[in-house]
Amino acid sequence: MIDGQHEIAAQAARWVVEDGLEYGPAKRRAARQMGLSGRGSLPSNDVLEEAVRDYIAVFCADTQPLELLALRRLALVWMERLSEFRPHLGGAVWHGTATSNSDIYLQLFCDDSKSAEIALIDQNVSYVPRTVTGFTGESVEALSVHAFCAELNQEIGVHLMIYDFDNVRGALKSDAKGRSPRGDARALRRLLSQEAV
């Protein structure tokens, strides 16, 4: 990795942790600030994730583990609430790099794409529909809600990405590091039992 990419990753990591920015916008903002342009100058997500872990170890080691635990517990509440849609947790909350500034990302695998929306309406949950890039690179519908996290005493964004049931197999393929990129409620409960304080 060239030096510029290392600098971009270090700067972007600060914004990911402190401001809750997503990886893509954080990398582009850091590159712009350094006067660099073009995708070739940007570090990979794996490089940025390592920089995020380094940043957390140096600046947030005393607070991040409890924040992560609170976010994982809140994610489990939503996974149980939406269990009929086979929810899987991904992103920083799953990978262990989340802080109180992070959002929760759940992938729902539905037989009918509107069924999750109907479930939220039935539960009197306000949501904002949007379109995002999914794990397959294609556009998917997402339903974004705000959920109060009592342990952190703040609102947390919970984003429900809607996939066809047939996509669940592809969702479980290992990433470049051999890790599962997301986990179901059972896998999350295992993580929580290992982290219990």
Query raised in the report: Among Ser126, Ser83, Ser100, Ser115, which is the only one that is surrounded by 16 or more Cβ atoms within 10 Å (Cβ to Cβ) and either modelled with pLDDT under 95 or of a type outside the set (Lys, Arg) (or both)?
Result: Ser100
Query raised in the report: Does Ala31 fit the bill of being surrounded by 22 or more Cβ atoms within 10 Å (Cβ to Cβ) and either within 30 Å of Phe165 (Cβ to Cβ) or modelled with pLDDT of 95 or more (or both)?
Result: no
**Report entry** Test: Leu48 is buried (at least 20 other Cβ atoms within 10 Å of the Cβ), among the aliphatic types (A, V, I, L, M), part of a helix (DSSP H, G or I) and in contact with a helix residue (DSSP H, G or I) (Cβ under 7 Å, 6 or more places away or on another chain)
**Finding:** yes
Query raised in the report: Out of (1) at pLDDT below 95; (2) in a loop (DSSP other than H, G, I, E, B), what's the single condition that is false for Leu152?
Result: (1)
Report task. Could you figure out which of (1) surrounded by 16 or more Cβ atoms within 10 Å (Cβ to Cβ); (2) more than 14 Å from the chain's Cα centre (by Cα); (3) at pLDDT below 95 isn't true of Arg39? Result -> (1)
Query raised in the report: Using beta carbons and a limit of 7 Å, which pairs, at least six apart or on different chains, have the first residue in segment 14-30 and assigned to a loop (DSSP other than H, G, I, E, B) and the second one surrounded by 14 or more Cβ atoms within 10 Å (Cβ to Cβ) and not small (Gly, Ala, Ser)?
Result: Gly20/Asn101; Gly20/Asp103; Leu21/Trp15
Query raised in the report: Tally time: how many residues in segment 104-142 are assigned to a loop (DSSP other than H, G, I, E, B), in contact with an Asp or Glu (Cβ under 9 Å, 6 or more places away or on another chain) and acidic (Asp, Glu)?
Result: 1
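The values are calculated or read from the model by the stated rules, or taken from the named source; none is laboratory data. Nothing here was measured: the structure is a model prediction, and the numbers come from that model. Positions of Cβ are backbone-derived with ideal geometry, glycine not excepted, and every protein chain shown enters the neighbour counts.
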